[in-house]
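Asker: Quick one: the structure is below, and I'll ask about it shortly.
The values are calculated or read from the model by the stated rules, or taken from the named source; none is laboratory data. Computed from a predicted structure; not experimentally measured. We place every Cβ from the backbone using ideal geometry, glycine too, and count neighbours over all the protein chains shown. For accessibility, only protein heavy atoms count, side chains too; no ligands or nucleic acids. Shrake-Rupley method; radii C 1.70, N 1.55, O 1.52, S 1.80 Å.
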Amino acid sequence: MTPLFWIAFFFIILNVVYIVVGAFSARGIGRSLEAYLVAKRGLGNWITILGLMATWFSAYMFLGLYGASYRTGLGPFVQGYILIACSVSFLLLGIPTWFLGKKYGYMSSADFLSDRYESRYVGLLQGLAWIIFTMAMLMVNMIGAGALLHGLTNGVIPFWVGVVAITIIMLSYLIPGGTRSMAWVDALQGIILLTFLWISFYILFQAAGGNMVEIVNKFVGTAEEKLLTIPGLVPQWTYGVWFFQGVFGLTWGAFPHMYIRWYAARSPKVIIIATLITAALGPLIFWHGAWGGPIARVIEPGLTGAATDSVLPILIARIASPLFIGLLFAGAFAAIMSTTSSMAMGVSAIGTRDIYRAFINPEATENQAVTASRISLTLFLLLGMILSFSQPQFLMTLGMLFLPGDYNLVRSFMVLFTGHGLISTVLMPGLLLVLFY
Amino acid sequence: MGNLAISWWGLHPGLIAFIPNLAAFIVVSLLTPKPSQEVVDKFHGYLAKKLKMSEIIDDFKDNQVGINE
């Protein structure tokens, strides 16, 4: 069997499984918005833990991370360390958010702000900023899906097939079950991606000799010794980068696709346990990628340029059976889909609560609100699909300028801050664009 | 605007936006009326009560969450 066969095999089988699991978990959710958007606030420990990890880890774990550590050394481990900073933000935001959501019925990341600042326009403004930021990230993930399928099949499957396929598959399980289906499929995808990630690492490790001391000694005393230090062979991962990654990590619990999980948790205990396990396992999971590059260098030292980002599939294709290329693809595609589906649900919640219910139809019945949520989800995913074909750099820049707006949720728990203060921060990216251009 | 990309001394656009974002929030908040007592009681007062360590420990005891969901 060829790698193409195994990629197609896992692509079809696993996507059918995702759709079935999504449909199964959608049973009995009824027609209430709380059930559709926040899974009746009933998600437990393992679904939340696996979902957090699946959402957090994208295809970067299989491709970009190996490429970065191949080129620079152990520096990319910083991304594992910032998971600890992220976990702090999960606790700081997640627990108060859970209490407020339970007490006042909040479901999106912006509807709390509307109440806190006594203006639905504040919620709308911040919600739109989050939609722009999240759509930029969603577009990148969809581009990743198309590029992954196109790249691993050596161009046999066109880019657009991956993009259209991931859109249709996500719609097929998110429309019926919303966040509950997302959470169950995410958990399954979390298991798949973590398993295949470690299998891939194990194959590389064995091919490099299977002895860490020997692998390290191959670099000691050579020109590549700096691979084992920080900032590394190329001074990319400096301590300044580590610091700022940590600062930004403190905002990540406020991303709409993460925030929806704080509302959906069954209790604060679930958030605490999920956060602590993510903080403990995150660095360990990034550890494999940080070492994966240097280990790959032992096996294949000559890669340069864009080929370094594909070092894992290149080596797996050479040293393992084609079956493992299929597994690698399945893991990476699961990682992309789990992240993208959470983003889609996050922006759908904002579209429903902070636009539709706040402005278009405040008297909407539960039935109408659920329908609006499904329409909103579909529109955002179709928009993401279209954007991934045009790939506007402007959207990426604008999205990054709105990134610090994630601090607004943390600030809103402090009495000092006012609605005018929040509005000024949301309008700041526009001012920056005017000043710089 | 297809190729628009902000880069100020090579800094990440998120970092460029971070400092004015924080400054604007603090300055504008200091210059505008504080939230009403009703809002403070509704959110900050409620959270101050719920986020006592004893409440969280009680929640741990009360919520024996299963592993299936």
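Asker: With solvent modelled as a 1.4 Å probe, how much accessible area in total do chains A and B shield from it at their shared surface, in Å² to the nearest 100? Could the numbers behind the result be given before it?
Answerer: Values: alone 17350 and 6860 Å², together 19500 Å².
In total, chains A and B hide about 4700 Å² from solvent.
Asker: Based on the Cα coordinates of region A:47-176, what is the per residue volume of their convex hull in Å³? Don't skip to the end; give the middle numbers.
Answerer: Details: hull volume 20.2 nm³, N = 130.
For region A:47-176, the hull spanned by Cα atoms encloses 156 Å³ per residue.
Asker: Quick one: helix A:393-402 against the long Cα principal axis of chain A, what's the angle to the nearest 10°, folded into 0 to 90?
Answerer: Approximately 60 degrees, to the nearest ten.
Asker: Using Cα centres only, tell me the gap between region A:237-261 and region A:328-348 in whole Å.
Answerer: Here the answer is 19 Å between Cα centres.
Asker: Have a look at A:V156, A:S32, A:A54 and report the one farthest towards the positive end of the charge dipole of chain A, computed about the Cα centre with Cβ charges (Lys/Arg +1, Asp/Glu -1).
Answerer: A:S32
Asker: Could you tell me the center-to-center distance, by alpha carbons, between region A:62-137 and region A:159-235 in angstrom?
Answerer: 22 Å
Asker: Sticking with this structure for a sec: Of the options A:H257, A:I319, A:G209, report the single residue whose Cα projects farthest towards the positive end of the charge dipole of the protein assembly as shown (beta-carbon charges: Lys, Arg +1; Asp, Glu -1).
Answerer: Working it through, the farthest residue towards the positive pole turns out to be A:H257.
Asker: Follow-up. Given a 1.4 angstrom probe, what's the average accessible area per residue across the protein assembly as shown, in square angstrom? Please list the in-between numbers first.
Answerer: Numbers: 19500 Å² over 506 residues.
Spelled out: the 1.4 Å probe surface of the protein assembly as shown, per residue, equals 39 Å².
Asker: Another one. To two decimal places, what compactness ratio does the protein assembly as shown give when its Cα radius of gyration is scaled by 2.2 N^0.38 Å?
Answerer: Working: Rg = 22.7 Å, N = 506, 2.2 N^0.38 = 23.4 Å.
The value comes to 0.97.
Asker: Something else about it: Would you list which lysines come within 22 Å of B:K34, measuring only between C-alpha atoms, while excluding same-chain residues fewer than 8 positions from it?
Answerer: In chain and number order, the partners are B:K42, B:K49.
Asker: Between A:Y202 and A:F24, what FRET efficiency follows from the Cβ-Cβ distance if R0 is 22 Å, with the result rounded to 0.05?
Answerer: Working: r = 32 Å, r/R0 = 1.44.
Step by step, r from the Cβ atoms, then E = 0.10.
Asker: How high is the relative contact order of chain A? Use alpha-carbon pairs under 8 Å, at least six apart in sequence, and give a whole percent. Show your work: numbers first, answer last.
Answerer: On the way: 686 pairs, mean separation 165.5, N = 437.
After rounding, I find 38 percent.
Asker: What's the lysine pair count for region A:3-392 at a Cα cut-off below 15 Å, pairs eight or more apart or interchain? If you can, show how the numbers build up before the last one.
Answerer: Numbers: A:K40/A:K102; A:K40/A:K103; A:K102/A:K269; A:K218/A:K226.
Pairs that pass both the separation and distance tests number 4.
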